[in-house]
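Chemist: After the structure tokens below, expect a handful of questions from me.
The values are calculated or read from the model by the stated rules, or taken from the named source; none is laboratory data. Quantities reported herein were computed from a predicted structural model and do not represent experimental measurements. Cβ: placed from backbone, ideal geometry, glycine included. Neighbour counts: every protein chain shown.
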Ligand code: GLC
């Protein structure tokens, strides 16, 4: 594979910078237990030694942090609590020295309410040109202009002191910008160039499917999005897709054609990955047509239950649609917005679509089962065609922290839902590096921005390094083996027939096969095959136990 096409097979490590490592915990500026660029630089070798190809760093721009950095004041600078622009440039160079590419996170749907454009718009008043960069409207009667709801709960509209309302699909501190405005388009293009000029290899695009709104802003009515599973003939199915007034509008593709041309004007070309929660695989791959984005997160795989039929369906639909546009699929199990997969797979009952902690809290779980399934899921994920994502901490086998005290919760969801939804903080807890007690080497400050559990001593990088039974050593082993195996990454997949409902078995080329047993009874492995790597021990007579995967040389 040419180095220009690195992204077709890449494993990308997600750095949630606030929780990766605090490098200046006792520094003059920020003794705050918040991760930063210095901390990331100090542990780049951890990422490189895993055997991944790139990192994606969540937003590090100046921000009041109403939504953990997804409320941006200046897209072309760095938040002082995270470091400086020159530190950012040094980080990119140091990553490149280790053969790690760097993707940043661009947030085009909304700015911070403290962005100079929005400050100007509020001051300028109704009818002013400054308001046209956002979506201001008069209300309907005494209420908001329409029935749209914020992703974090409550109405998607907030009233300015002069009576006009502005749209925010997320928090009120995140007003949506108007993508029909040429200045908005030009400014985001400048931001792309700004970072590309500094050697950044690409961008993850935040809520890539929300930029364009239907003219007239009609009510959403009873349209549920993303769609929810309904029972039909004893099976859970999604209702038919219908167009939505603000998600996944066809006109958004024009924006990405422009962005692709910018990325292609660089040498080597820069790349994009779309965060688009589009549950219809065909709608997702529209973003991946040859003149649009390179890849998109595959959330259908993420939300699939740990069952043979559930995962098989997600994989088959993904492959069938991606092949039509010639784009490589990606496989993702966790990120900073969903319950960590170890804790999802730990649930006794596996229900499609359940990724919010709120929907899992009252279901019994067993973390040992979740750990075993996560190990098996890793070999499946890395064995599938295309690229994959690793969310920091999953390589340590971190569970979701489900019992954070409510007074430390910071996700806007908690307040916006009237304290009924805990939100996403449980997957964002700072990761443990060393030592036997919090802060586990994360910071030299007295406290971390979210508290860490007291029982993570066995889950630190230090404790797991060199322990052949640890999650960390499984990740290292699997990632290095994947890199050395020419059949893995981009390319075709061939299912093996008659593997059984709870078993996924497939070949990649002639020299590699993967078998995953999601049932409870052991299954025999194909005769004559050599085991390259197993997620857990085989039975005494060489069969594959339940919740175990194996990589084979047939
Ligand atoms: C994306 C981000 C999420 C953020 C939201 C609003 O979904 O991943 O963390 O809250 O966009 O920017």
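Chemist: Looking at 278, 255, 273, which is the one that is buried (at least 16 other Cβ atoms within 10 Å of the Cβ) and farther than 29 Å from residue 339 by Cβ?
Modeler: Answer to the selection: 255.
Chemist: Same structure again: Is segment 127-137 home to any residue that is in a helix (DSSP H, G or I) and either touching a residue at least 40 places away in the same chain (Cβ under 8 Å) or assigned by TED's automatic domain parsing to the domain that holds residue 358 (or both)?
Modeler: Checking segment 127-137: at least one residue is in a helix (DSSP H, G or I) and either touching a residue at least 40 places away in the same chain (Cβ under 8 Å) or assigned by TED's automatic domain parsing to the domain that holds residue 358 (or both).
Chemist: Six or more apart or on different chains, Cβ atoms under 6 Å: show the pairs whose first residue is in segment 1-20 and farther than 19 Å from residue 478 by Cα and whose second is part of a strand (DSSP E or B).
Modeler: Listed pairs, sorted by first residue: 15/55; 15/57; 17/57.
Chemist: I would also like to ask the following. Suppose the filter is buried (at least 20 other Cβ atoms within 10 Å of the Cβ) and more than 16 Å from the ligand (Cβ to nearest atom); does residue 146 pass it?
Modeler: It is true that residue 146 is buried (at least 20 other Cβ atoms within 10 Å of the Cβ) and more than 16 Å from the ligand (Cβ to nearest atom).
Chemist: Another question, then. Do any helices (runs of 4 or more DSSP H) lying entirely in segment 202-305 carry at least 2 residues that are in contact (Cβ under 8 Å) with a residue 12 or more places away in the chain, assigned by TED's automatic domain parsing to the domain that holds residue 103 and within 16 Å of the ligand (Cβ to nearest atom), and which ones are they?
Modeler: 299-302
Chemist: Scan segment 399-416 residue by residue and report those that are within 14 Å of the ligand (Cβ to nearest atom) and surrounded by fewer than 19 Cβ atoms within 10 Å (Cβ to Cβ).
Modeler: Across segment 399-416, the qualifying residue is only 415.
Chemist: Considering 17, 47, which residue is within 16 Å of the ligand (Cβ to nearest atom), within 30 Å of residue 484 (Cα to Cα) and assigned by TED's automatic domain parsing to the domain that holds residue 474?
Modeler: 17
Chemist: Got at least one residue in segment 512-521 being touching a residue at least 24 places away in the same chain (Cβ under 8 Å) and out of contact with any strand residue (DSSP E or B) (no Cβ under 9 Å at 6 or more places or on another chain)?
Modeler: Yes, some residue in segment 512-521 is touching a residue at least 24 places away in the same chain (Cβ under 8 Å) and out of contact with any strand residue (DSSP E or B) (no Cβ under 9 Å at 6 or more places or on another chain).
Chemist: Now, a different point. Select, from 136, 118, 166, 170, the only residue that is touching a strand residue (DSSP E or B) at 6+ places or on another chain (Cβ under 9 Å) and within 19 Å of residue 209 (Cα to Cα).
Modeler: 170
Chemist: Now a separate question. I need the full set of residues from segment 59-75 which are touching a strand residue (DSSP E or B) at 6+ places or on another chain (Cβ under 8 Å), closer than 13 Å to residue 110 by Cβ and more than 11 Å from the ligand (Cβ to nearest atom), in order please.
Modeler: Once the filter is applied, which keeps residues that are touching a strand residue (DSSP E or B) at 6+ places or on another chain (Cβ under 8 Å), closer than 13 Å to residue 110 by Cβ and more than 11 Å from the ligand (Cβ to nearest atom), segment 59-75 yields only 75.
Chemist: Taking the condition under 30 Å from residue 386 (Cβ atoms) and either over 20 Å from the mean Cα position of the chain (by Cα) or more than 16 Å from the ligand (Cβ to nearest atom) (or both), does residue 81 pass?
Modeler: Against the criterion (under 30 Å from residue 386 (Cβ atoms) and either over 20 Å from the mean Cα position of the chain (by Cα) or more than 16 Å from the ligand (Cβ to nearest atom) (or both)), residue 81 does not qualify.
Chemist: Let me ask something else. Across segment 104-127, which residue is surrounded by the most Cβ atoms within 10 Å (Cβ to Cβ) among those that are touching a helix residue (DSSP H, G or I) at 6+ places or on another chain (Cβ under 7 Å) and more than 30 Å from residue 88 (Cα to Cα)?
Modeler: Going through the qualifying residues, I end up with 121.
Conditions tested, residue by residue: (1) under 22 Å from the mean Cα position of the chain (by Cα); (2) farther than 30 Å from residue 316 by Cβ.
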position	(1), (2)
397	yes, no
403	no, yes
410	yes, yes
431	yes, yes
462	no, yes
470	no, yes
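Chemist: Is it fair to say residue 161 is more than 23 Å from residue 56 (Cα to Cα), away from the ligand (no atom under 16 Å from the Cβ) and either outside any helix (DSSP H, G or I) or assigned by TED's automatic domain parsing to the domain that holds residue 336 (or both)?
Modeler: For residue 161, the condition - more than 23 Å from residue 56 (Cα to Cα), away from the ligand (no atom under 16 Å from the Cβ) and either outside any helix (DSSP H, G or I) or assigned by TED's automatic domain parsing to the domain that holds residue 336 (or both) - is met.
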